[in-house]
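Have a look at the structure below, then the notes.
The values are calculated or read from the model by the stated rules, or taken from the named source; none is laboratory data. Here the structure is a predicted model, which means the values were calculated and not measured. Counting neighbours? That spans all protein chains shown, and the Cβs are built from the backbone with ideal geometry, glycine included. Accessible surface is based on the protein model in full, side chains and every heavy atom, while ligands, DNA and RNA are left aside. Shrake-Rupley method; radii C 1.70, N 1.55, O 1.52, S 1.80 Å.
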Amino acid sequence: MDAKTTALVQVYAKSLVEIASDKAIIPSLRQETLAILEIFKTTDIASFLANISVPKSEKIQIVRLFQESSSKELNNFLEVILQNDREALLKEILLAVLEEMDKASNTYDILVKSAVNLSSDQKERLLAKVSQKFGIKAGRLIEEVDPSLIAGFILQANNQVIDTSIKQQLQQLKMNLK
């Protein structure tokens, strides 16, 4: 995405988050946004909406399906997207909306990569440590298993990373020996 398009996406995202913040509906709007993005993840709707050979009427039908189960605020927002012919950018705009909501509420999703699945107790302790260490509120915990880490974990939240994996420690040792 070029700088002009990125700026445009940010303008749309910030405007929706401002409305959500003013009306104190960020948590519910976040859930709606995540639900729509889940549909984007499991289908090829983003390509469909961006395809210039697809008639505008068909794109409108798809976006109208999202409007059927949306709040008034999101419904109005989607209507603005349609009126301004920005449906090709809908996925990017919604991703930016999530980022803006995170900033506004200081609540961030936390990605944990570990060599094995974490227990419930480990997850709770990690969430508490992340909140304390990064000074944020923990959103969703997204867990990924990566056996190549050998042991330990990699934690990411709000563009900050903690890497305690054995793989990283071995790489550092290798670099120190050179």
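Output needed: percent of Cα pairs per 5 Å distance bin for the range 14-59, bins running from 0 to the one holding the longest distance.
5, 20, 18, 15, 17, 16, 8, 2
Per residue, how much accessible area does the chain show when a 1.4 Å probe rolls over the protein heavy atoms, in square angstrom?
60 Å²
Project the alpha carbons of the range 85-178 onto their principal axes and report the range along each, largest first, in whole Å.
Principal-axis extents of the Cα atoms in the range 85-178, largest first: 55, 32, 23 Å.
Lys113: net charge of surrounding residues, Cβ under 11 Å, Lys/Arg +1, Asp/Glu -1, itself excluded?
Summing Lys and Arg as +1 and Asp and Glu as -1 gives -3.
Can you list which of the GluC sites (Glu not before Pro) found in the range 1-85 are DSSP loop residues with at most 11 other C-beta atoms within 10 Å?
Qualifying residues, ordered by number: none.
Around Val161, with a cut-off of 15 angstrom between Cβ atoms, what is the net charge of the other residues, counting Lys and Arg +1 and Asp and Glu -1?
0
Can you tell me how much longer the chain between Asn176 and Ser47 gets when fully stretched, taken as 0.36 nm per residue apart minus their C-alpha distance, in nm with one decimal?
Residue separation times 0.36 nm, minus the Cα-Cα distance, leaves 41.8 nm.
Between Arg64 and Gln169, what length comes free when the chain is fully extended (0.36 nm per residue of separation minus the Cα-Cα distance, one decimal in nm)?
Stretched fully, the Arg64-Gln169 segment lengthens by 32.7 nm.
Okay, helix-only estimate at 222 nm for the chain: each DSSP H run of n ≥ 4 adds -39500 (n - 2.57), divide by all residues, round to 500 deg cm²/dmol; what do you get?
-20000 deg cm²/dmol
Compute the label zone of Ser15 within the range 84-108: residues whose backbone N is under 18 Å from the point 7 Å along Cα-to-Cβ.
It comes to 84-101, nothing else.
At what distance in nm do the modelled label points of Asn75 and Lys133 sit from each other, each positioned 7 Å from its Cα along Cα→Cβ?
Here the modelled spin labels are 4.4 nm apart.
Take Ala104 and Ile25, extend 7 Å from each Cα along the Cα→Cβ direction, and tell me the distance between the two endpoints in nm.
1.1 nm
Averaging sequence separations of C-alpha pairs under 8 Å and six or more residues apart, then dividing by the length of the chain, give the relative contact order as a whole percent.
20 percent
Mind checking which helices in the chain clear 27 Å along their axis (Cα) and have mean Kyte-Doolittle hydropathy of -1.0 or more, DSSP H runs only?
3-22
Obtain the radius of gyration and the Kirkwood radius of the range 1-125 from its C-alpha atoms and give Rg over Rh.
1.03
Figure the gain on full extension for Met1 and Lys56 (residue separation times 0.36 nm, minus the Cα-Cα span) and round it to one decimal in nm.
Between Met1 and Lys56, full extension yields an extra 17.6 nm.
In the range 1-125, what is the count of Lys pairs whose alpha carbons are under 13 Å apart, counting only pairs at least 8 residues apart or on separate chains?
4
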